[in-house]
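Peer 1: Could you have a look at this structure, given as structure tokens, before my questions?
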Amino acid sequence: MTGKPNRAVFLDRDGVIIEDIGYCSAVDDVHILEGVPEASRKLRKAGFRLLVATNQSGIARGRLTVEGFFDITEHIAAQLAKQDAYLDAVYFCPHHEEHGEPPFGTECKCRKPHPGMLKRGISEWSLEHRECWMVGDSPSDVQAALNAHVKPLAIGFEHDDAPSFGSLAEAANHILERVE
């Protein structure tokens with residue numbers, strides 16, 4: 001990444017990297033979406049860090065433990081690594097303001113649409129926020145991107161503030177057409 005700006009693509013997990021089944025609560029629920037490994041490789045080759053930013057209210061709701069989330073995360077990383085696709089970091093929010101008991105049943109600034117996870121990634125990786133993108137499959141992903149001053153891209157839905165695509169592969173091509 002020498003000579004290139006410190007940049008990243010933030011990725012929502014469910015619906016962007018893996019099939020969105022509602023609440024992914026076991027390794028057996030994980031299905032990497034078509035085109036994700038290739039898109040990931042292309043983005044990394046172009047000098048982008050790949051950072052996952054995912055709301056995981058299933059933890060607050062009691063459908064998944066933190067340990068279970070880490071098991072799933074390790075499984076996803078291993079499946080991608082088998083195809084030479086690598087994630088740099090995973091940020092997650094286990095909170096929900098209306099569900100669960102403390103410490104998870106609470107309002108926080110990391111849960112999208114708040115920009116906490118994105119701002120943390122920008123800070124920890126010394127990124128130029130103007131050189132970052134957020135690819136997500138919900139309006140809260142787009143709003144988190146806008147709140148963090150990064151460029152939003154929508155997967156599978158229309159949004160006035162974000163171009164829409166059918167897959168991460170299409171979104172990655174859009175990004176790569178717009179960078180040096």
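The values are calculated or read from the model by the stated rules, or taken from the named source; none is laboratory data. No experiment lies behind these values; they were computed from the predicted model shown. Because the Cβ atoms are built from the backbone with ideal geometry, glycine has one as well, and the counts that use them run over all protein chains shown. Just so you know, the surface numbers come from the protein's heavy atoms only, side chains and all, with ligands and any DNA or RNA stripped out. Shrake-Rupley method; radii C 1.70, N 1.55, O 1.52, S 1.80 Å.
Peer 1: Accessible area per residue for the chain in Å², computed with a 1.4 Å probe and the full protein assembly in place, what is it? Mind dumping the intermediate values first?
Peer 2: Details: 8810 Å² over 180 residues.
Value for the chain: 49 Å² per residue.
Peer 1: How large is log10 of I(q)/I(0) for the chain at q = 0.08, 0.18 Å⁻¹ when the intensity is taken from the Debye formula with one equal scatterer per alpha-carbon?
Peer 2: -0.22, -1.20
Peer 1: Oh, and also: With the dipole of the chain worked out from charges on the C-beta (+1 for Lys and Arg, -1 for Asp and Glu) around the Cα centre, which of V179, T73, V16 lies farthest toward the positive end?
Peer 2: V179
Peer 1: About its Cα centre, what dipole magnitude does segment 50-106 give when the only charges are +1 on Lys and Arg Cβ and -1 on Asp and Glu Cβ, stated in debye to the nearest 20?
Peer 2: On the way: 3 positive and 8 negative charges, 26 e Å.
Dipole magnitude for segment 50-106 comes out near 120 debye.
Peer 1: Above 13 angstrom, tally the Cα pairs of segment 36-102 and express them as a % of all pairs, no decimals.
Peer 2: Values: 1481 of 2211 pairs.
In whole percent, the long-distance tail amounts to 67.
Peer 1: Can you give the % of DSSP beta bridges in segment 1-123 that are antiparallel, to the nearest 5?
Peer 2: Numbers: 1 of 12 bridges.
Roughly 10 percent of the DSSP beta bridges within segment 1-123 come out antiparallel.
Peer 1: Counting other C-beta atoms within 10 Å, and keeping those with at most 16, which DSSP coil GluC sites (Glu not before Pro) do you find in segment 76-126? Walk me through the numbers on the way to the answer.
Peer 2: Details: sites: E97, E98, E107, E124; in loops: E97, E98, E107.
Here the sparse-neighbourhood loop sites are E97, E98, E107.
Peer 1: Something else about it: In percent, what relative contact order does segment 27-180 have, based on Cα pairs under 8 Å that are 6 or more apart in sequence? Mind dumping the intermediate values first?
Peer 2: Working: 241 pairs, mean separation 30.7, N = 154.
Once normalised by length, the contact order is 20 percent.
Peer 1: I want to check a number: in segment 26-180, how many lysine pairs have alpha carbons closer than 20 Å, given a sequence separation of 8 or more or different chains?
Peer 2: Numbers: K42/K82; K42/K151; K45/K82; K45/K151; K109/K119; K109/K151; K112/K151; K119/K151.
Final tally of qualifying lysine pairs is 8.
Peer 1: Right, here's the next one. Considering the chain, which cysteines have no disulfide-compatible partner, defined as another cysteine with its Cβ under 4.7 Å away?
Peer 2: Lacking a cysteine Cβ partner under 4.7 Å: C24, C108, C132.
Peer 1: Further, regarding this structure: Could you state the principal axis extents of the C-alpha atoms in segment 115-180, from the largest down, to the nearest angstrom?
Peer 2: Principal axes ranked by extent give 30, 28, 16 Å for the Cα atoms.
Peer 1: Shifting gears a bit: Between the DSSP loop rule and a limit of at most 13 other Cβ atoms within 10 Å, which GluC sites (Glu not before Pro) in segment 4-45 are left?
Peer 2: Numbers: sites: E19, E34, E38; in loops: E19, E34.
Sparse-neighbourhood loop GluC sites (Glu not before Pro): E19, E34.
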